[in-house]
Amino acid sequence: MRLQYLSITIILLLFCEEPSLGQDTKSTYLIKIDSLHQLIDSYPEEDEEKVHLLNEYARLCFYNLDFRSGLIATRDARLLSEKLEFNGGKIMYYLSLAVFRGNDNMARYYQKQAEWLSMDPEQHLDEYYQKLNYKDHGSGDWGTLLVEFTEMLQYFEKQDDKEIQANLLDAISLFHFRLGDPEKAVSSQDRALQLYKDLILVYPIFNATSGKVFYLNELGRTSEAEKLETELVEFITLNENENTRGLITFIMGEIYYYTGRHALSIEYLLKGAEIFEQSRDTALLAESYYRISFPYVQLEMYDKVAEIFDRYIEIVKHQNDSVALFDAYNRAVMPNYFIKDYEKARKYMALALRDKQNQVFLLGRKSSLEGQIVKDQQQYTAAIPYFQQALESYQKTSINGLPFMHLYLAECYQQLGDFSKALEHGLLCLQTESETGLSRTKVKLKISLILSEIYDTLGQQQRAYQYLKMHQDIRAENDRLDAKNRLADAEVRAILQKSQKEIEQIEQERILADQENKVQRLWIFSITGALLSAIVLALVLYRNNKNKQKANALLKEQKEEIESTLEKLESTQSQLIQSEKMASLGELTAGIAHEIQNPLNFVNNFAEVSEELVTELKEELDKGDVSQAKIISDDVIETCKKINHHGQRASSIVKGMLEHSRSGNGKKEPTDINALTDEYLRLAYHGLRAKDKSFNADFKTDLDETLPKVKVIPQEIGRVLLNLINNAFYAVDKRAKEGINGYKPELTITTKLSHSDGNKGEEVIEIRVADNGSGVPADIKNKIFQPFFTTKPTGSGTGLGLSLSYDIVKAHGGTLEMDSKEGKGSEFVIHLPNN
């Protein structure tokens, strides 16, 4: 029984596979649909074959514009395939929705969803995928369609089928727009968008949002549209599915082309092509190359157009699509002409002429090509017959080519001095361009200038001015749109860069987390190894010692000893790190005392002055000299202000010392790197001077005053700076004590805004600490950042300073590097991200 139904189905599918909408097939469709409906009603089983029949019935209904029956069958097929857990049914469902959508971007999406699912190597579903031709359902009566689709929406709302509801709302929003009600279009699109978000369907969310942007622009609500466009751009960068991201990127490129933002269009289409090339989706790769040619043409980058078509032709050759191949040959002709590769242009023209279906048009194209080549050689008389032949061909086949032929003829006759015929063709150029309904400003821009020149030559100044003004107006409007688009493009690129930085930051945080986990795993493995060793030892003791209690006691004792040792190691490590921090604080103490002493001296001096002034104030009051008493009172107030100022200075120094000594809450805050550097340089210098009266060194600073504040943990970066400065002072002092004639110890600190990789990397804050000490020997350079490694005498350092500094800078997302030459000095370079 099943075989009988299967054979009938095959016959029907062969009969119905690719319906032609161009012929009068209404009655034929109804016969096919009725036959298939009867077959479905009489089919006895709920199986995969019935899923297939329902989907074929749905597609026939869509071709016949019976959308309600088609959608009901599509839903029934999907529910049955879900019940059967039949993934092939999902492919058929996507294909049916693609036919329902007709010839829009969502049709492409559903077709690609079906194709991607069929290519899953683990599911082996390729037999269920078929490439269908999706045809536009036509315009129709928008009012009638609106009523029909609204009734369908109400039906599927009762069924609680969100995806079909969303697809219907997409169509309803278009109908409202066509009927001149963009407000209702926005409302319907909003409802569709929410349903897609409920279903978490990434591409449909993008498509509905882009539709809403279009309607908002039509309503003049540009600020809302621009905000949504920003969300679209961020939406692309954060989407992780490569296939969907490629399709979205491709569509964004098309949108930018149709809105005149050609540079962004190229950028997005190239990104899409890169994704499709990696995923080996040759169909979308070919379409990407094809679409990229359009914005390149608008920007007159014909060398790129020629290059793109070379790639496109190679792909199309392997797709066995003769129509697309002939079209590619034809479109490759003019780009090669414009770059003066006449031989290649003629080669592609000859290949295009193999298309026997479009001979009249292509012969006109060939005549136009030859005419332009001859015109380039300034052989205007010889070029005219070619353009006239092309004009005759285009009058029969392509109205869009007529303005160009009239333009070329006007140019030739103008050069030959036949202004009457030049004027005739110039005016015909404008007329035919208007009749095309296209908005090709380049044609109008060129012909308006030619007409102005002709009228000027003929002495008709008013007409000359009229066309010159037209030329200038067109150019001004182009410049205005270019400026607007450049601004919008800059905003979009800024969003892309910001999103990319966020992605890189997340990746960096993930890497740091992985490193921390790796360290923890190493600790676990170490402990486990130690415990295993203890257990093995216990087993050996158990085998050799019959006293079980003694063996267990020994095992317990060893385990406790290992745990105790581990605790001591962790405690020792923490103490070493803290001691290194406190050591740096100790080195600051003398410098801090020196810094505090200055404001304290001022406080003491001004306090004494205040005392004297108050005494004088009493004397003047006793004398009854109020005016003099007021003058003295003002002096007392000024003195108190100075006492307060220097007291605050001492307080800030103490506060800085406390911040340095405590571990802090690990919160980053905007910090003035120049102020931080200057403060720790002075504290370090005075601290060393206080400890060793013989110490002396020159220090210089070159701090970039335009440096922005950067988010860091100030006490952590302060420790790094203090460590590097102390090491530098130590190095120059050590060399000075060697008694080298003419040697002057010197330390230099510079800050500036730089880039992590020349001029192409991200913006970073650069801090350089350089000294002219003895430098670091080559054989120990690779050990300099290792924990516990030091070149100082025993007891003079923990060997943790540079290691901790390296870890602190790395935790801030930066780098710490050393450049040292033995006998000449060392330079440490810190790079911190400017965020």
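Data for the structure
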quantity	calculated
Taking the convex hull of Cα positions in the stretch 325-479, its mean projected area over all directions (nm²)	9.5
Within the stretch 329-432, chymotrypsin sites (Phe, Trp or Tyr not before Pro) in DSSP loop having at most 15 other beta-carbon neighbours inside 10 Å	none
Surface/4 of the Cα convex hull for the stretch 774-835, nm²	4.6
With all protein chains modelled, accessible area of Phe177 [1.4 Å, Å²]	50
Added length on full extension, which subtracts the Cα-Cα distance from 0.36 nm per residue, Asp104 to Glu343	82.2 nm
Mean separation of Cα contacts under 8 Å (6+ apart) over length of the stretch 334-471, as relative contact order %	15
Accessible area of Met92 in the full protein assembly, 1.4 Å probe (Å², nearest 10)	10
Taking the C-alpha atoms of the stretch 286-377, convex hull volume expressed per residue in Å³	86
Cα shape, the stretch 44-131, gyration tensor, a/c 1.5 rule	oblate
Cβ charges +1 (Lys, Arg) and -1 (Asp, Glu), total dipole of the stretch 351-397, debye	160
Computed P(r) (all Cα pairs; the stretch 364-436; 5 Å bins; percent)	4, 21, 29, 26, 16, 5, 0
Estimated inter-spin distance, Arg475 and Thr706, nm [label 7 Å along Cα→Cβ]	3.5
Segment Lys734-Asn782, extension gain: residue separation times 0.36 nm, minus the distance between their alpha carbons	15.1 nm
Kirkwood-based Rg to Rh ratio, the stretch 213-310, C-alpha trace	1.01
Area accessible to solvent at Thr701, 1.4 Å probe radius, in Å²	70
Dimensionless Rg/Rh of the stretch 672-737 - Kirkwood Rh, Rg from C-alpha atoms	1.02
Alpha-carbon Debye profile of the stretch 249-289, log10 I(q)/I(0) at 0.23, 0.24 Å⁻¹	-0.62, -0.66
Efficiency of FRET from Cβ geometry, Leu416 and Asn835, R₀ 60 Å, rounded to 0.05	0.35
Lysine pairs within the stretch 702-819, Cα separation less than 24 Å, 8 or more sequence positions apart or different chains	20
Distance between the stretch 59-100 and the stretch 171-214 - C-alpha centres, whole angstrom	22
Close Lys-Lys pairs in the stretch 328-445, where close means Cα under 22 Å and separation is 8 or more or interchain	18
Kirkwood hydrodynamic radius (C-alpha pairs) into Stokes-Einstein, the stretch 102-229, 37 °C and 0.692 mPa s, D in µm²/s	206
Residue-wise HN-Hα coupling along the stretch 825-835, computed from phi with Karplus coefficients 6.51, -1.76, 1.60 (Hz; x: Gly, Pro)	x, 10, 9, 9, 10, 9, 10, 10, x, 8, 9
Euclidean distance between Cα centres, the stretch 683-728 to the stretch 796-835, Å	13
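The values are calculated or read from the model by the stated rules, or taken from the named source; none is laboratory data. Being a predicted model, the structure only gives us computed values, none of them experimental. In this analysis, Cβ positions are derived from the backbone assuming ideal geometry, glycine residues included, and neighbour counts consider all displayed protein chains. These area figures cover heavy atoms from the full protein model, side chains too; ligands, DNA and RNA do not enter into them. Shrake-Rupley method; radii C 1.70, N 1.55, O 1.52, S 1.80 Å.
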